Amino acid sequence: MSRYAILARIRAANPNPQSPPHEAKPAPASLASTGADAVLRFRTAAEAKGVTVVDIDHPAELPLAIARTLSAANLRADAIRLNDPALIGLPWSDANLTITRGAAEPHDMLALSSAVSAVAETGSLLLASGPDNPSSLAFLPETHLVTIARSTIVGTFEEAFALLRTRYDNSLPRAVNIISGASRTGDIGGRIVQGAHGPRQLFVFIT
Amino acid sequence: MKPDTAHFRESAAAAIADPRLQSALAKLPGGLVAQRRAAVSALPEFEALRDEARAIRDATLANLATHLEAFEAKATAMGSRVHWATDADEARRTISEICSRANARLVIKGKSMVTEEIGLNAHLESSGLDIIESDLGEYIIQKRGESPSHIIAPAIHLTEADVDADFRAYHTHLDQNRELGTPERLVAEARAVLREKFLSADVGITGANFLISETGSSIIVTNEGNGDLTQILPRIHIVVATIDKVVPTLNEAMTLLRVLARSATGQDMTAYTTLATGPRRTDDLDGPTECHIVLVDNGRTEMLASDMREALRCIRCGACMNHCPVYNAIGGHAYGWVYPGPIGAVLTPALLGITETSHLPNASTFCGSCESVCPVKIPLVSLMRTWRERAHDQGPRTLTARILSKLWSAAATRPALYHLIACFAVAIGGALGRANGRFRALPLARGWLKHRDLPAPQGRTFQQLWKETERGVPR
Amino acid sequence: MPAPRAGLFVTCLVDLMRPSIGFAAARLIEAAGCTVVVPDRQTCCGQPAYNSGDRATAKSLALQTIRAFADCEYVVAPSGSCAAMLKVHYPCLVSGEPDLEAEADAFAAKVHELCTFLTDIRPIASVPGRYDGRVTYHDACSGLRELGIKSAPRRLLAAVEGLELTEMPESEACCGFGGLFAEKYADISNAIVTRKTDNAATAEASLLLAGDLGCLMNMAGKLTRTGHPLACRHIAEVLAGELTDPPIGHSAVSTP
């Protein structure tokens with residue numbers, strides 16, 4: 001009932017609903033970039049948000065690169081939670097890390113997700129939920145690691161959305177998490193503190 | 001919350017006299033205001049984006065029914081249940097029924113202004129549910145029994161010393177001699193306490209910054225990640241949003257997001273922007289098993305049909321209050337309801353009626369700072385003026401005000417009479433004020449004279465003197 | 001070619017409180033090559049009524065003012081706030097009435113705030129005033145945000161011999177005047193003007209200038225009440241060199 005009442009009141013308030021649909025404009029030119037420029041801008045923007053960005057040449061190097069990065073950041077972990085089949089087969093024993101699978105659990109120290117795309121304009125990662133990348137991995141663990149293929153780093157969000165539309169045929173996964181830095185809050189005394197409810201630190205590995 | 005807009009003047013005076021509140025408010029200019037300025041100057045197209053954002057909002061409102069129907073169809077196809085509520089009461093009942101059908105005991109919430117507006121927490125508590133706010137600022141004020149004093153920074157009126165004392169008082173299960181004192185330690189404590197709640201909550205309630213017709217998704221933006229834990233961990237996710245939140249496409253939402261974060265906190269993007277589309281899929285390892293979306297009217301269709309329509313463009317960034325000299329002087333609580341600052345001065349009368357709320361649009365210097373920063377260019381001054389006209393039509397508040405206003409307009413519209421009275425009044429004023437050049441006390445203008453002197457007139461009107469010079473009398 | 005007729009819209013505050021500003025404005029408009037006329041059918045621009053929600057009175061004052069200046073080529077006001085009322089809001093007051101709209105639009109096109117008139121419309125060759133000292137300038141809200149007055153006063157002040165302009169922090173912040181706001185919400189207004197005068201004081205100037213007498217009376221009233229030596233004047237007084245009268249709120253008998 002309320003549905004019809006509300007829609008009828010809206011239609012009464014909008015007697016001429018024939019106004020032309022809005023033509024969306026492209027992203028601002030100053031935010032656009034492509035290719036190597038986009039990768040560089042992504043890195044700069046992410047680093048400005050406190051994200052550590054690491055380049056690696058071969059996916060196989062990922063476990064060691066992660067081990068080195070964690071050690072440089074004085075972080076210790078025995079286990080890493082991940083579900084992406086493309087990552088499971090990597091030599092994790094090289095890094096003294098054991099894999100745990102499934103959705104994140106309350107006391108997880110470390111989780112690794114794969115991003116579907118990354119956006120240079122703001123240094124943001126796009127994570128699509130699914131069995132390979134449960135969205136809890138991005139929020140429950142103390143430290144979040146994300147891999148992103150260099151070829152999927154685009155200039156603007158419009159390009160990233162186009163990529164999503166192609167991949168998911170206009171039916172998005174349950175959650176698309178656009179992540180631009182670690183969890184933070186300014187709610188106490190106006191000063192920014194990292195690690196409010198989600199990860200205290202975010203590391204990105206460009207492969 | 002129960003509105004108390006009629007005692008605005010008294011609440012404002014108390015706010016000004018509160019040194020603790022003043023020290024918290026003093027951080028605004030160097031904080032959110034300076035951060036917005038930096039973000040805006042870093043994006044050369046920002047001005048063009050404001051025009052584009054405004055155009056998107058206007059075009060959406062012009063076709064609102066169609067976009068809502070499209071959203072409903074897509075959201076339903078993606079597995080969400082869409083509910084419609086004409087007013088606060090229906091919205092509260094709808095949400096409470098979802099909770100009771102699920103045998104819920106604990107509800108965790110992400111920050112949402114519409115749930116403040118409809119008084120959701122009190123209602124759910126009265127039906128026996130435990131409600132926990134998870135946004136850190138909201139958590140603090142919930143514990144204090146207060147309402148938010150800012151739409152994006154609800155505890156902006158508090159200092160870290162306040163929060164320290166509050167946490168010691170509320171978290172009685174923790175060691176009373178523990179060290180707190182720094183924002184880092186306070187945040188860590190809240191994180192640990194709230195983590196337990198996230199894990200045991202049955203229902204998660206969030207608002208929505210936008211609803212996307214194209215994909216049937218709701219979008220929330222947060223920095224803490226609390227909104228995401230709220231919509232991932234509990235079995236049931238309820239999105240509560242007013243009908244004006246709908247946006248046709250992802251690309252249009254992106255334009256709005258580009259101006260939203262920059263206007264609100266000076267970020268180009270908040271830490272987390274999440275598109276949530278329905279419940280968990282068959283092969284998903286996490287996510288809620290049910291997703292409900294409650295579309296709330298509660299006065300929006302009336303605004304759409306009225307001359308307050310432009311206020312529906314609002315995307316709740318809070319920039320108008322950050323830049324308002326009145327808000328900066330008194331904070332948010334003095335406004336007496338959930339929406340403070342210039343947008344509150346327009347929205348509150350629209351939602352509660354002008355009779356009890358007429359102080360809000362009147363208590364503005366009309367400096368226009370709010371309009372100059374509004375990301376969707378809402379003409380806040382002219383909308384406040386329209387409310388003043390409504391209030392004026394209902395008659396001035398006091399007899400003295402009524403008489404003075406009548407006398408003034410009678411004189412001002414009769415130039416000869418006006419100049420005669422002016423010469424007379426100015427001669428007296430000039431004679432009395434000549435010795436000091438100003439007045440410290442007078443029978444009129446008591447408000448003015450309470451805090452400042454009134455400069456005295458020079459003794460002759462310009463018109464008088466000009467006529468004399470035209471006749472060749474030296475000045 | 002005969003000098004164009006420029007009507008001086010005195011503004012009610014200048015007419016009543018401080019005619020010296022009117023004479024300073026007249027002198028500057030003459031220096032810009034115009035003949036100054038002062039129609040006596042003008043009273044108030046109607047802004048107090050307009051902003052109090054009394055649209056009917058505001059509209060009759062709008063029509064009264066428009067007709068009073070019918071034979072002028074320009075209408076110049078020593079106030080950004082009143083000029084914005086004439087230029088921006090008069091057309092709104094008569095919208096929906098085509099004949100009056102045309103009249104109000106034609107009127108609006110010839111209205112100018114004094115400083116922008118002297119820089120952009122009839123640029124003056126040289127500024128007559130001279131001031132030996134440091135001044136600071138408050139950007140009054142209506143002029144700044146409705147008419148975009150920002151550089152004009154500064155360009156004119158830069159041309160005053162001997163004058164040094166020091167910017168105060170937050171020069172664009174409201175002074176808390178707001179017309180009847182200062183009386184009706186006195187405590188809030190006081191909080192705002194206190195911040196303003198504190199900021200102005202940091203410029204360590206001898207004069208605080210602005211283009212609007214309302215703001216100036218508010219700031220001067222606060223400064224004299226707190227015993228601060230910073231004095232207030234309308235920018236036209238300094239530009240025209242009309243400095244014989246004591247600053248706003250100061251006594252002719254003993255100028256501090």
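The values are calculated or read from the model by the stated rules, or taken from the named source; none is laboratory data. What you see is a predicted model; the values in this text were computed from it and never measured. Positions of Cβ are backbone-derived with ideal geometry, glycine not excepted, and every protein chain shown enters the neighbour counts.
Just checking, does region B:370-389 include any residue being touching a Phe, Trp or Tyr at 6+ places or on another chain (Cβ under 7 Å), under 27 Å from residue B:258 (Cβ atoms), more than 10 Å from every other protein chain (Cβ to nearest Cβ) and not hydroxyl-bearing (Ser, Thr, Tyr)? Within region B:370-389, not a single residue is touching a Phe, Trp or Tyr at 6+ places or on another chain (Cβ under 7 Å), under 27 Å from residue B:258 (Cβ atoms), more than 10 Å from every other protein chain (Cβ to nearest Cβ) and not hydroxyl-bearing (Ser, Thr, Tyr). Just wondering, is there one or more residues in region B:316-331 that are touching a helix residue (DSSP H, G or I) at 6+ places or on another chain (Cβ under 8 Å), away from chain C (no Cβ under 14 Å) and of a type outside the set (A, V, I, L, M, F, W, C)? The answer is yes, given that some residue of region B:316-331 is touching a helix residue (DSSP H, G or I) at 6+ places or on another chain (Cβ under 8 Å), away from chain C (no Cβ under 14 Å) and of a type outside the set (A, V, I, L, M, F, W, C). Given the conditions (1) more than 7 Å from every other protein chain (Cβ to nearest Cβ); (2) of a type outside the set (A, V, I, L, M); (3) touching a residue at least 60 places away in the same chain (Cβ under 8 Å); (4) in contact with a strand residue (DSSP E or B) (Cβ under 7 Å, 6 or more places away or on another chain), and given that residue B:237 satisfies all but one, which numbered condition is not satisfied? All conditions are met except number (3). Within region B:450-470, identify whether any single residue is at the interface with chain C (Cβ under 7 Å from one of its Cβ atoms), touching a residue at least 40 places away in the same chain (Cβ under 8 Å) and under 18 Å from residue C:12 (Cα atoms), and answer yes or no. Within region B:450-470, one or more residues are at the interface with chain C (Cβ under 7 Å from one of its Cβ atoms), touching a residue at least 40 places away in the same chain (Cβ under 8 Å) and under 18 Å from residue C:12 (Cα atoms). Inside region A:84-129, residues that are more than 9 Å from chain B (Cβ to nearest Cβ), assigned to a loop (DSSP other than H, G, I, E, B) and of a type in the set (Val, Ile, Thr) make up a count of 1.
The condition (being under 24 Å from residue B:198 (Cβ atoms) and surrounded by fewer than 20 Cβ atoms within 10 Å (Cβ to Cβ)) is satisfied by just one residue among B:87, B:130: B:130. If you go through region C:163-190 and keep only what is hydroxyl-bearing (Ser, Thr, Tyr) and surrounded by 24 or more Cβ atoms within 10 Å (Cβ to Cβ), you end up with C:185, C:189.
Just wondering, is there one or more residues in region B:432-442 that are in a helix (DSSP H, G or I), at pLDDT below 95 and either farther than 18 Å from residue B:308 by Cα or β-branched (Val, Ile, Thr) (or both)?
Residues of region B:432-442 in a helix (DSSP H, G or I): B:432-433.
Checking which are at pLDDT below 95 leaves us with B:432-433.
If we keep only those that are either farther than 18 Å from residue B:308 by Cα or β-branched (Val, Ile, Thr) (or both) as well, we get B:432-433.
Among the residues of region B:432-442, at least one is in a helix (DSSP H, G or I), at pLDDT below 95 and either farther than 18 Å from residue B:308 by Cα or β-branched (Val, Ile, Thr) (or both), which makes the answer yes.
Can you spot a residue in region C:81-90 that is within 11 Å of the chain's Cα centre (by Cα), under 27 Å from residue C:177 (Cα atoms), touching a residue at least 12 places away in the same chain (Cβ under 8 Å) and not in a helix (DSSP H, G or I)? Before the answer, list the steps.
Restricting attention to region C:81-90, the residues satisfying the condition of being within 11 Å of the chain's Cα centre (by Cα) are C:81-84.
Going one step further and asking which of them are under 27 Å from residue C:177 (Cα atoms), we end up with C:81-84.
Add one more test, that the residue is touching a residue at least 12 places away in the same chain (Cβ under 8 Å), and what stays is C:81-84.
Then drop every residue that is not not in a helix (DSSP H, G or I), which leaves none.
For region C:81-90, residues within 11 Å of the chain's Cα centre (by Cα), under 27 Å from residue C:177 (Cα atoms), touching a residue at least 12 places away in the same chain (Cβ under 8 Å) and not in a helix (DSSP H, G or I): absent.
Restricting attention to region C:223-242 and to residues that are surrounded by 20 or more Cβ atoms within 10 Å (Cβ to Cβ), outside any helix (DSSP H, G or I) and in contact (Cβ under 8 Å) with a residue 40 or more places away in the chain, the residue that is nearest to the chain's Cα centre (by Cα) turns out to be C:234.
Within region B:140-151, being surrounded by fewer than 24 Cβ atoms within 10 Å (Cβ to Cβ) and within 12 Å of another protein chain (Cβ to nearest Cβ) holds for B:140, B:141, B:150.
This table checks each residue for (1) out of contact with any Leu (no Cβ under 8 Å at 6 or more places or on another chain); (2) without any contact (Cβ under 8 Å) to a residue 12 or more places away in the chain; (3) within 13 Å of another protein chain (Cβ to nearest Cβ).
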site	(1), (2), (3)
C:7	yes, no, yes
C:58	no, no, yes
C:64	yes, no, yes
C:69	yes, no, yes
C:73	yes, no, no
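Taking region B:73-103 as the search range and keeping residues that are under 19 Å from residue B:115 (Cα atoms), out of contact with any strand residue (DSSP E or B) (no Cβ under 9 Å at 6 or more places or on another chain) and among the polar types (S, T, N, Q), which one is nearest to the other protein chains (Cβ to nearest Cβ)? Selected residue: B:96. State whether the residues of region C:190-206 include one that is over 27 Å from residue C:24 (Cβ atoms), part of a helix (DSSP H, G or I), facing chain B (nearest Cβ under 7 Å) and hydrophobic (A, V, I, L, M, F, W, C). Looking for residues that are over 27 Å from residue C:24 (Cβ atoms), part of a helix (DSSP H, G or I), facing chain B (nearest Cβ under 7 Å) and hydrophobic (A, V, I, L, M, F, W, C), one finds at least one in region C:190-206, hence yes.
The rows are residues; the columns are (1) of a type outside the set (S, T, N, Q); (2) crowded, with 22+ Cβ neighbours inside 10 Å; (3) assigned to a helix (DSSP H, G or I).
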position	(1), (2), (3)
B:310	yes, no, yes
B:334	yes, yes, yes
B:337	yes, yes, no
B:349	yes, yes, yes
B:361	yes, yes, yes
B:366	yes, yes, no
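Could you count how many residues in region B:1-60 are in a loop (DSSP other than H, G, I, E, B), under 21 Å from residue B:319 (Cβ atoms) and among the acidic types (Asp, Glu)?
So the first thing to find is which residues in region B:1-60 are in a loop (DSSP other than H, G, I, E, B), and the list is B:1-7, B:17-18, B:26-28, B:42-45.
Checking which are under 21 Å from residue B:319 (Cβ atoms) leaves us with B:26-28, B:42-45.
Filter once more, keeping what is among the acidic types (Asp, Glu): B:45.
Here the count works out to 1.
Just a yes or no: is a residue in region C:112-120 more than 23 Å from residue C:14 (Cα to Cα), touching a Pro at 6+ places or on another chain (Cβ under 7 Å), part of a helix (DSSP H, G or I) and of a type in the set (A, V, I, L, M)? Break it down stepwise before answering.
Pass one, region C:112-120, residues more than 23 Å from residue C:14 (Cα to Cα): C:120.
Next cut, touching a Pro at 6+ places or on another chain (Cβ under 7 Å) only: none.
No: zero hits.
Answer yes if at least one residue in region B:368-382 is within 30 Å of residue B:314 (Cβ to Cβ), touching a helix residue (DSSP H, G or I) at 6+ places or on another chain (Cβ under 9 Å) and at pLDDT below 95, and no otherwise. Looking for residues that are within 30 Å of residue B:314 (Cβ to Cβ), touching a helix residue (DSSP H, G or I) at 6+ places or on another chain (Cβ under 9 Å) and at pLDDT below 95, one finds none in region B:368-382, hence no. If only residues of region C:119-175 that are over 27 Å from residue B:365 (Cα atoms) and among the hydroxyl-bearing types (Ser, Thr, Tyr) are counted, the one that is nearest to the chain's Cα centre (by Cα) is C:119.
Select, from C:18, C:67, C:27, C:55, the only residue that is crowded, with 22+ Cβ neighbours inside 10 Å, of a type in the set (Lys, Arg) and not assigned by TED's automatic domain parsing to the domain that holds residue C:218.
None of the other options fit; the residue is C:18.
The numbered conditions (1) touching a helix residue (DSSP H, G or I) at 6+ places or on another chain (Cβ under 6 Å); (2) assigned to a strand (DSSP E or B); (3) farther than 22 Å from residue B:269 by Cα are all true for residue A:80 except (1). Condition check: touching a Ser or Thr at 6+ places or on another chain (Cβ under 6 Å) and among the hydroxyl-bearing types (Ser, Thr, Tyr). Does residue B:217 satisfy that? Spelling it out, residue B:217 is indeed touching a Ser or Thr at 6+ places or on another chain (Cβ under 6 Å) and among the hydroxyl-bearing types (Ser, Thr, Tyr). Within 15 Å of residue B:13 (Cα to Cα) and either touching a helix residue (DSSP H, G or I) at 6+ places or on another chain (Cβ under 8 Å) or in a loop (DSSP other than H, G, I, E, B) (or both): does that describe residue C:182? For residue C:182, the condition - within 15 Å of residue B:13 (Cα to Cα) and either touching a helix residue (DSSP H, G or I) at 6+ places or on another chain (Cβ under 8 Å) or in a loop (DSSP other than H, G, I, E, B) (or both) - is met.
If you check A:85, A:141 for being buried (at least 21 other Cβ atoms within 10 Å of the Cβ), at pLDDT 95 or above and more than 14 Å from the chain's Cα centre (by Cα), only one passes: A:141.
Residues checked against (1) touching a strand residue (DSSP E or B) at 6+ places or on another chain (Cβ under 9 Å); (2) crowded, with 17+ Cβ neighbours inside 10 Å; (3) more than 11 Å from chain B (Cβ to nearest Cβ); (4) not charged (D, E, K, R):
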site: A:21; (1), (2), (3), (4): no, no, no, yes
site: A:27; (1), (2), (3), (4): no, yes, no, yes
site: A:39; (1), (2), (3), (4): yes, yes, yes, yes
site: A:60; (1), (2), (3), (4): no, no, yes, yes
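Note on region B:313-327: residues that are surrounded by fewer than 24 Cβ atoms within 10 Å (Cβ to Cβ) and part of a helix (DSSP H, G or I) amount to 1.
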